[in-house]
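Here's the structure we're looking at; comments come further down.
The values are calculated or read from the model by the stated rules, or taken from the named source; none is laboratory data. Quick caveat, the model's predicted, so the values are computed rather than measured. Glycine also receives a Cβ, built like all others from the backbone with ideal geometry; neighbour counts cover every protein chain displayed.
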């Protein structure tokens, strides 16, 4: 008996894990922020109402709004008045809460 050619394949789960994580995560851009901030909600939250709160580094609320997502995106305008520094964004959407840090 002679073995001419053998191939062994291992299916990668990296792509599946990345897709799963992207479906659960909230993303924002640009970071650092200049005037406007775009929030991309996780998959499944395409046209939901979201409560958005921005905190400064001392934990004080500096901005609060309720916005409807348009195809999973929310645009926050008028952030030019924020002072330079680190801020925390909290987004409540349905029963889920997301938090991210951004820089101004």
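Listing for the model above:
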quantity: From the options 82, 41, residue that is touching a strand residue (DSSP E or B) at 6+ places or on another chain (Cβ under 7 Å), closer than 23 Å to residue 104 by Cα, surrounded by 11 or more Cβ atoms within 10 Å (Cβ to Cβ) and at pLDDT below 90; calculated: 41
quantity: Members of the range 27-46 found to be out of contact with any helix residue (DSSP H, G or I) (no Cβ under 8 Å at 6 or more places or on another chain), within 17 Å of residue 99 (Cβ to Cβ) and in a loop (DSSP other than H, G, I, E, B), listed by number; calculated: 31, 41, 45
quantity: Residue in the range 47-58 that is at pLDDT below 85 and either surrounded by 11 or more Cβ atoms within 10 Å (Cβ to Cβ) or under 13 Å from residue 102 (Cα atoms) (or both) present; calculated: yes
